[in-house]
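Reading through the structure tokens given below for one structure.
The values are calculated or read from the model by the stated rules, or taken from the named source; none is laboratory data. Keep in mind it's a predicted model, so treat the numbers as computed, not measured. Here the Cβ is made from the backbone with ideal geometry for all residues, glycine too, and neighbour counts use every protein chain on show.
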Amino acid sequence: MHSARPLSMPTRRCLWTLFATVVHAAPAAAIDYAGHVNAGVFSAHEKDSTPFTGSDQNDSLAAFGSLYFDAAKIGPYKNQFTLDLRDKYDYFAGALDANGLRLIPSNEPQLRQLAVKHPYDQGSYYWALGRFPIADAAVLGNDGVDVGIKAGAKIKIGAFAGLFPEQRHGQTLQLAKEDHQAGAYAQYQDQGPDWQRSTYASTALVLRQPVSAVQPPGTYIERAQPLPDGATTQQSETADSALPLKNYLFWYSNIVHQPSEQTRFTYLSHVDVEPSVHLRNLWASAYHQWTARFSGTLAALRIDATEYKRQRDLRDILPASAYTEGRADARFKLDKGLMLEGVSSIGVRGSDQKNAASVNAKLVATNLQKGRFAAFAGAGYRKSFNSHDLIARFGASYFTAKVDVDFTQLAMIEHRDNGETLHPLIFDLSLTTMLSTRLVGSLTFELAKDEKALLTSALMTLGYRFGSRQLTPTRERAPRLERL
Amino acid sequence: MLRLLTACCIMLSCWGAPALADPAKDLGSESAKEGDSSEGVFNKLLAPGPLMFAHRSLEHGACLKCHDAGKGVPDAKCLTCHSDIQQSIRKRKSFHAMTKQACIGCHSDHKGRDLNSTVVSSKTFDHSKTGFILHGAHAKIKCVKCHTEKRGATMSRSSDTRFFGKTQTCNGCHRKDDIHAFPPQWAAKECSACHSDATWKGAEFDHKKATGYALIGDHAKIKCATCHLPKGKASAKYKFPELPKQQCLTCHVDFHKDHLQGKFQGGNCLQCHSQGQETWKITHFDHQITGFSLLGKHQTTACVDCHKPPKGAKTDLKHANFTGLKSDCASCHKDFHGFRGETSPKLGVLAQCKTCHTEAGWKADLHFNHNTSTNYPIDGKHIGVKCFGCHVPLVKGQKAPDTARKYEFPELAGKTCETCHASPHLKESAEVFRKNKCSTCHTTQGWKSVNLNGSGFNHSTQTRFPLTGDHNKISCASCHLKNGKSVYKFANADKQFCVSCHVTVHSNQFEPKLVAASCATCHDTVAFANLRYNHNESRFKITGAHEKLATDCVKCHKPSASMLPIKPPKPAGKFIFEHPQSGFCVDCHKNIHKEQFSPASASDNCLQCHNVKSFKDLSGFDHDKTRFKLVEAHADIKTNCAKCHVKTHQMLETTPPRPAAKFRFDAPGVDGSAGGFCLSCHKNVHIGQFDEQFAKKPCLSCHNQKTFGQRSPFDHSQTKFQIVGAHAKFKNNCGECHVKTNKLLATSPPKPANQFLFAFESRGYCDACHAKEHVKQFHPPLAGQVCTTCHNQNNFAKGLTFNHHKLARFDVKNKHVEVKCVECHTPTTATYKQSPHHPKGKFIFDGLLTKDCALCHKDPHAGRFGPKCSTCHTDAGWGATAGFHKDFILTGVHRLLDCNQCHTDNRQLSGTGDDCKLCHQKDDVHLGSQPDCKSCHIQQFWSAPKFQHAMTDFPLRGAHRLLECGECHAHGVYQGKSAECVSCHLEDSLLVSFPNHKQAGFSQCETCHNQFQFRGKK
């Protein structure tokens, strides 16, 4: 386990200086800039039916903040600077005080992004330097450089190299102990004459070379070959340690093709190439609106992230397996602002042919009270690998230009295969308000309970957006199609 | 010395006693219970005996309270305690004041507790000494009857009668017996004022003397309480202040109420009633007091017959209404005669019944004789006529209803019979006869008995028919006797009665007017054949050349085929002529002008042009009576008819035949109205020059007869173009618009024609004069509009009014309304011909319908959202959008983001809002195995998902809270993971050698370990 490593003082000073310089300089340079600050507190009170070490309390408390700043058209070359700084102080997620049988707080700052870029809209080439994500390659962070050029009006190609920052809960922290990575990507984007028609496709090859001698647990372990059947875990651990660390090469693809407002295809896939070729995950969907009142989507999912390592412990109810699932949903517009939606899915596990299925129906009304209110009510049935459940949910939302209020209620009956029946009940209430055109506040409450636990949580956030750019307009009424 | 010893002993016995007495006893207390009779010691030693119960407290050293050492028991000592007796003595009232004996003379003591020192013997006690002598009943009753008070509060013998203190007033004992309930001032009086103690009842009370009100009759018999206590003691009343005013009504109910006359009201019932009678009922009432003496039949009439009760009430005296009647007869009796104030010179006021009638009977003793009482004696047939046969007036010759009676006949002096009788003689003759009285010829014996003898009757003067000529020679019966009946009434007075006797033979011969006329119009009574007709009274006056035919009637009245029914029959002359409208000319003279004149002018009335003096003389013709008046220039040729009325080829049927002149002139397009004949003589040079409306108009619309060239003032409002605004300045300068053309008028000499026909009528004619400035400047729908759509004649350039909503393809509303025209319609390089310094604005916008807002507004989205800004924005302002971000709700953190953070490189994300992973694929720690991100995560805070691990089989506690999801769910499997420790920690257990978990078969980790501290047992 790793404890949180806060930024060192010199690093912090450097960052704040850089930030202050940019923030103050931006207006002076009359550049285009925008950003937001966000802060919040999350608190949850959990009471378990089974006491643990003499206590049935399992509370959470975290305070968080973030700063995002983006300045464009800097200097004669119209470069861009982006800073994304986040911090979370978790009162119960720092470290473990084993003697005190308690968790102690920790502060987890992260530098999500710090980069200088030359964007495409300022020319036919692109470069980025610093720490930045690469969406076209599905790379969360790259501490290095990225360059690209336009190969025509619709095609861009690029390459990047750098370090893959250490991730913890999806966060990137420091420079130390990071894998090397490099890759190349291409992007095709065809924006039609209006927003209803567009095509986006990106594909990338990403190579990562581990630098650590020891792979931390939970990270991806590459294997040259699968374990033989019957091999014990210990044998697999031993075998693991003897294996040299391999490079990891994967091919990422993402396509979104919308030839018209009535039709849309999406595709997302990760295909591992090295150390062996296999499909890690694939998602494909097709949407079509047949009539003004009827539309539907078909989707397919295939995941197999654990091809390389499978635990053979017999106690596992569900050993690792590939999983394939098909989904279908249909929407029928009954009236203006009234829609009936049905979603169904069926999935099969490769190893044991266990299947899971679900079917849900939901009635949605979005044009109540001249667009002020939206509401839905739905019910469904779900069969998972080890339970079958009945689900009912309903909710309502209220929209004005300044306030959004959401309320949802979910009730389930879980019939476990082990004979246990649970009745989860989850109630959510959320209030978001535009205190001003730039100031946004939100308040969220959740109450969840079943026979095992009772949880109440509250979240409060306050965000402020600033900048010289035009602020995104605010919504004035409930969404027309209710795609929540 | 002895006194001293006695005093000492007394003092000792009194003072020393307490020391020997019961210490518990309260010495001298009067609250000691009755029965407590312990004697004082010294009293025992020195006194002759115990004191009585009431005095027992004095035994304990209070001897001197009663005794005066050596002087016995003085009264003063007793009265010191018995203060009430002392007071009575002082007031010299009561027994004790009267008696001269000392207290101890009657009241002794020291004889024991039970001594009753106030025993009074009812037999021996002289009550008079108390001041209250017992008389009458008082002397017979027992003491305790009056002395009812008990000692009560006294300490001894509380049940004994207390004789002291009794009041001597009657009220003191007899208050409860007081039935009078006298008011306070009367209550103070003693009963003895009226009553005696000999007997209570039979009080001596003089009501009159005491109250001023004498009790008479029944009043004397009734009980006092009847008046004074009508409803018991609570209603006691002894004062009647209202009695003087209300009198009887003070006690008695006003039975009659408003049914009595005023003077009988007020309570003085004694006016009719009396107290002395046995009953209230009135048996005899002197009616005289009412002012109306009952005489004659009134005496026998029942009271209620006159004094009728109100409607609905019983008809008895009780309910009779004694008001409302007056002494005059009409108050009760209906005036049969219907007099209305008439006055007879002989009888006086007729409405007074007494004038004729008496109370002896209505019809009996009637004091009326028509012959002597009126100015009109009745005789003959009048005698049999009932009164109302005359005393009802005539209305329009008919008798009026009986209710309208008439008794005054002032006209009788003059009219006599006609006052009542309508004269049968007709008006014409009545005037003659008006001078005569009916009685001149008629009598009251009957109308038909007429006596003319000696009556001086002159037919000529007294009738409407003077007898002349042969009429004088015939007998009366020749006329007045028809079929055996006398006839004196003749009709046809308007025709002088001729036809009443003579039959007319001219019925079909003459015109109706002449037929209706009298025969005397032509004939006389001397000889019927003598004709004396004044032709000038007919419709054809004989003048001029006709005069020579005046005596030769048959020249005109030629014999017809009809024969007159006379003897011998003769052919009837023609007297009916069919052409009065022509002055009867054509009845004799032939009309030769039939086709020569127009129908409007054609007439058989030759006199319109000709005259009876000379047929050829036409100087009398008034041309102004035709449809064409000769005025101005035409007046000059007035006498030269042939200038206009030229000879035609048609020949007149004259002798010899002559060519007919032209008299028929048609006014083209006009129905013969004046001024429309110009073209009959003058040539129309304006053919094709005017539009249809004016081409049809007569020449005089513009020209005049004075001088053709000079045009009359023309009202341009008749045209389709109104001269207003700026055009008004050209009003008198027609040539500015009506310019000369190349065409020549067919005048002499030829002249260029002015333009009067203009094109572009549909466009208000503007284009006819004004250059087409907006060619290619407007789009076709607007270009086709008339100029007045925007411009007006008052101010062509500045007075622009344009409805953008209706006429343009772009509806200006909301924010666009505030924009000035030139901001959108920017100036171009082109200029107006008429105003070269004014550049033309841009009004044609290519792509308006396709480019939408981008036509004017720069698209900050660089077209990536398509060309239609209105998809999201409205013209209410850029900030407000309609359904912004329609499908993906921006909430939570997403609301803070800049557009470019999601739409990197202006990427379109339409339809992908539901798929979180399409943006967050790089953030996916689940390696794609959980495609529904929103099923667990919320937009407000990614790290706090909705997924509650506590609601699974394995709540994350302890160290497990610090793990990455993949550390347990390393294989992408998020459901079905075993909650048993060993499912993850099996290898950990296998690594432990001491103790060797495998050998020991340890499988329940939680037995020794916990989630905080796995290593080493807990």
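For segment B:911-928, the candidate set comprises residues that are crowded, with 21+ Cβ neighbours inside 10 Å and part of a loop (DSSP other than H, G, I, E, B); within that set, the residue that is nearest to the other protein chains (Cβ to nearest Cβ) is B:Gly928. Out of all the residues in segment A:419-450, which are more than 9 Å from chain B (Cβ to nearest Cβ), closer than 25 Å to A:His388 by Cβ and at pLDDT below 90? A:Gly419 - this is the single residue of segment A:419-450 that is more than 9 Å from chain B (Cβ to nearest Cβ), closer than 25 Å to A:His388 by Cβ and at pLDDT below 90. The residues in segment B:931-951 that are assigned to a loop (DSSP other than H, G, I, E, B) and either touching a residue at least 24 places away in the same chain (Cβ under 8 Å) or not hydroxyl-bearing (Ser, Thr, Tyr) (or both) can be counted, and the count is 14. Being out of contact with any Pro (no Cβ under 6 Å at 6 or more places or on another chain) and either small (Gly, Ala, Ser) or at pLDDT below 80 (or both) is a property that does not hold for B:Gln718. For segment B:976-1018, a tally of residues being among the basic types (Lys, Arg) and modelled with pLDDT under 70 returns 3. Here B:Gln777 meets each of (1) polar (S, T, N, Q); (2) over 19 Å from B:Lys842 (Cα atoms); (3) at pLDDT 80 or above with one exception, condition (2). Reported count of residues in segment A:358-392, each being among the small types (Gly, Ala, Ser), within 13 Å of chain B (Cβ to nearest Cβ) and under 23 Å from A:Glu420 (Cα atoms), is 4.
Listed by first and then second residue, the pairs linking a residue in segment B:294-323 that is within 21 Å of B:Lys257 (Cα to Cα) to a residue that is of a type in the set (Lys, Arg), with Cβ atoms under 8 Å apart and 6 or more places separating them unless they lie on different chains, are B:Thr315/B:Lys308; B:Ala320/B:Lys308; B:Asn321/B:Lys308. Screening B:Lys142 on (1) surrounded by 14 or more Cβ atoms within 10 Å (Cβ to Cβ); (2) modelled with pLDDT of 75 or more; (3) basic (Lys, Arg) shows it passes everything except condition (1). Which of the residues that make up segment A:393-410 are touching a Gly at 6+ places or on another chain (Cβ under 8 Å), within 30 Å of A:Lys452 (Cβ to Cβ) and within 11 Å of chain B (Cβ to nearest Cβ)? Across segment A:393-410, the qualifying residues are A:Asp406, A:Thr408. Residues of segment B:576-588 that are at pLDDT below 80, at negative phi and either surrounded by 17 or more Cβ atoms within 10 Å (Cβ to Cβ) or part of a loop (DSSP other than H, G, I, E, B) (or both): B:His579, B:Ser582.
Among the residues examined, B:Glu632 qualifies as closer than 21 Å to B:His682 by Cα and more than 60 Å from the chain's Cα centre (by Cα).
A:Ile413 falls short on exactly one of the conditions (1) surrounded by fewer than 17 Cβ atoms within 10 Å (Cβ to Cβ); (2) within 8 Å of another protein chain (Cβ to nearest Cβ); (3) not acidic (Asp, Glu), and that condition is (2).
In this structure, B:Gly35 does not qualify as farther than 19 Å from B:Phe163 by Cβ and at pLDDT 85 or above. A:Ala151 passes every criterion in (1) on the phi > 0 side of the Ramachandran plot; (2) surrounded by fewer than 17 Cβ atoms within 10 Å (Cβ to Cβ); (3) modelled with pLDDT of 90 or more apart from (1). Among the residues making up segment A:37-59, those that are hydroxyl-bearing (Ser, Thr, Tyr) and within 8 Å of chain B (Cβ to nearest Cβ) are A:Thr50, A:Thr53. Of the residues making up segment B:179-190, not a single one is modelled with pLDDT under 80, of a type in the set (S, T, N, Q) and assigned by TED's automatic domain parsing to the domain that holds B:Gly112.
With respect to A:Ser344, is the statement that it is in contact (Cβ under 8 Å) with a residue 12 or more places away in the chain and either small (Gly, Ala, Ser) or surrounded by 18 or more Cβ atoms within 10 Å (Cβ to Cβ) (or both) true? Considered against the rule, which asks whether it is in contact (Cβ under 8 Å) with a residue 12 or more places away in the chain and either small (Gly, Ala, Ser) or surrounded by 18 or more Cβ atoms within 10 Å (Cβ to Cβ) (or both), A:Ser344 comes out as yes.
Checked against the criterion of being closer than 14 Å to B:Phe164 by Cα, loosely packed, with under 14 Cβ neighbours inside 10 Å, assigned by TED's automatic domain parsing to the domain that holds B:Asp160 and out of contact with any helix residue (DSSP H, G or I) (no Cβ under 7 Å at 6 or more places or on another chain), segment B:75-85 has at least one qualifying residue. Of the conditions (1) within 28 Å of A:Glu451 (Cα to Cα); (2) within 8 Å of chain A (Cβ to nearest Cβ), B:Tyr974 clears all except one; give me its number. Evaluating B:Tyr974 over (1) within 28 Å of A:Glu451 (Cα to Cα); (2) within 8 Å of chain A (Cβ to nearest Cβ) leaves (2) as the failure.
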